[in-house]
Amino acid sequence: MSMIWCVEDDPSIREIEVYALKSTGMEAFGFEDGTSFWEALQDRQPDLVLLDVMLPGIDGIELLTRMRASEQFRDIPIIMATAKGTEFDKVQSLDLGADDYLVKPFGMMEMVSRVKAVLRRSRPRQDERLLKLDELVLNVDEHTVSIAGERVILTYKEYELLKLFLSQPGTAFTREQLLTKIWNSEFIAETRTVDMHIRTLRQKLGAYGNIIETVRNVGYRLEGRHEK
């Protein structure tokens with residue numbers, strides 16, 4: 001069950017936000033100011049924060065800035081609540097890393113819908129940090145590849161190829177598609193460039209090199225299993 005924290009200094013608005021979220025099956029808790037919210041955050045982390053821009057003490061923009069600068073809190077999804085007509089607040093919030101914003105006054109059904117949408121978007125990002133196939137592990141955050149705990153040193157293009165294959169196992173990619181996705185459409189290269197990088201990638205993966213299968217008259221794909 002998702003825990004949502006609502007930071008809102010108006011008690012009537014805060015209470016109805018918490019009530020609406022709870023009525024849809026979520027857990028919710030309200031904070032009347034930025035200071036109490038920040039103190040509580042040191043002990044427990046919510047799944048999402050609904051954060052008002054205008055708050056007594058520490059305002060919403062400062063809290064957003066602190067959270068995005070913190071390794072501990074930077075991945076917590078945040079929806080900013082901005083006053084009607086304050087275009088600057090909306091733009092500033094998104095620039096500073098807010099996941100979405102709501103313009104006051106907003107309906108509770110819209111709020112719940114936005115909360116659910118941001119939660120759906122944020123969870124895949126958290127799940128995809130490690131791409132694995134048996135003992136082959138690609139860490140997206142650290143930009144590293146290892147096999148049975150041993151680091152495998154890849155070039156940038158080899159790494160990007162492997163990440164693409166691991167993220168879409170079983171999908172056959174043409175050489176032209178790989179050129180577009182990995183080298184981007186502005187880079188003019190021959191399809192043999194792909195073949196050369198696939199060959200060196202297979203060599204570096206050792207026993208795992210056979211997971212990258214050649215699809216005749218098409219290109220390449222990653223097998224969903226490792227044959228020892």
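The values are calculated or read from the model by the stated rules, or taken from the named source; none is laboratory data. Since the structure is predicted, the reported quantities are computational estimates derived from the model, not experimental observations. When we count neighbours, we look across all protein chains shown, and the Cβ atoms used for this are built from the backbone with ideal geometry, even at glycine. Each accessible area value is taken on the protein alone, full model and side chains, heavy atoms only, with ligands, DNA and RNA left out. Shrake-Rupley method; radii C 1.70, N 1.55, O 1.52, S 1.80 Å.
Observations
- Set Lys132/Lys157; Lys116/Lys157; Lys181/Lys204; Lys132/Lys181; Lys22/Lys132 screened for pairs whose C-alpha atoms are more than 27 Å apart: Lys116/Lys157; Lys22/Lys132
- Here's the picture: a label point sits 7 Å out from the Cα of Glu87 along the beta-carbon direction, and within the stretch 37-60 nothing has its amide nitrogen under 13 Å of it.
- Take the Cα of Asp95, step 7 Å toward its Cβ, do the same at Glu213, and the gap between the two points is 5.0 nm.
- In Å², nearest 10: area of Lys104 left accessible to a 1.4 Å probe: 50 Å²
- Nearest-0.05 FRET efficiency for Gln203 and Ser70, computed from C-beta distance (R0 35 Å): 0.30
- For the stretch 103-164, the equivalent ellipsoid derived from the alpha-carbon gyration tensor has semi-axes of 38, 12, 8 Å in decreasing order.
- Which of Gly170, Leu51, Thr65, positive extreme of dipole for the chain (C-beta unit charges): Gly170
- Label-point gap, in nm, between Val103 and Glu27 - each point 7 angstrom along Cα→Cβ: 3.5 nm
- Helix-derived mean residue ellipticity, 222 nm - over the chain, DSSP H n ≥ 4, -39500 (n - 2.57), to 500: -12000 deg cm²/dmol
- Sparse-neighbour loop sites [trypsin sites (Lys or Arg not before Pro); the stretch 57-108; at most 16 other C-beta within 10 Å; DSSP]: Arg74, Lys84
- Accessible surface, per residue, of the chain when the full set of protein chains is kept, probe 1.4 Å, Å²: 56 Å²
- Distance between the modelled labels on Glu160 and Met3, one decimal in nanometres: 4.0 nm (7 Å Cα→Cβ projection).
- Fully extended contour minus Cα-Cα distance, from Val140 to Trp183, at 0.36 nm per residue: 13.6 nm
- GluC sites (Glu not before Pro) restricted to the stretch 43-118 and DSSP loop, no more than 15 other C-beta within 10 Å: Glu71
- Carbon/sulfur fraction of accessible area - the stretch 18-85, other protein chains in place, 1.4 Å, %: 47 percent
- Student exercise, the stretch 1-109 dipole from Lys, Arg, Asp, Glu Cβ charges, in Debye to nearest 20: 200 debye
- Using a cutoff of 8 angstrom between alpha carbon atoms and counting only pairs six or more residues apart, the relative contact order for the chain works out to 12 percent.
- Stokes-Einstein diffusion of the stretch 70-184 at 37 °C, 0.692 mPa s viscosity, Kirkwood radius from Cα pairs, rounded to a whole number: 189 µm²/s.
- Counting every pair of alpha carbons in the chain, the share spaced more than 30 Å apart comes to 45 percent.
- For Ile58 and Ser12, the difference between the fully extended length at 0.36 nm per residue and the C-alpha to C-alpha distance is 14.5 nm.
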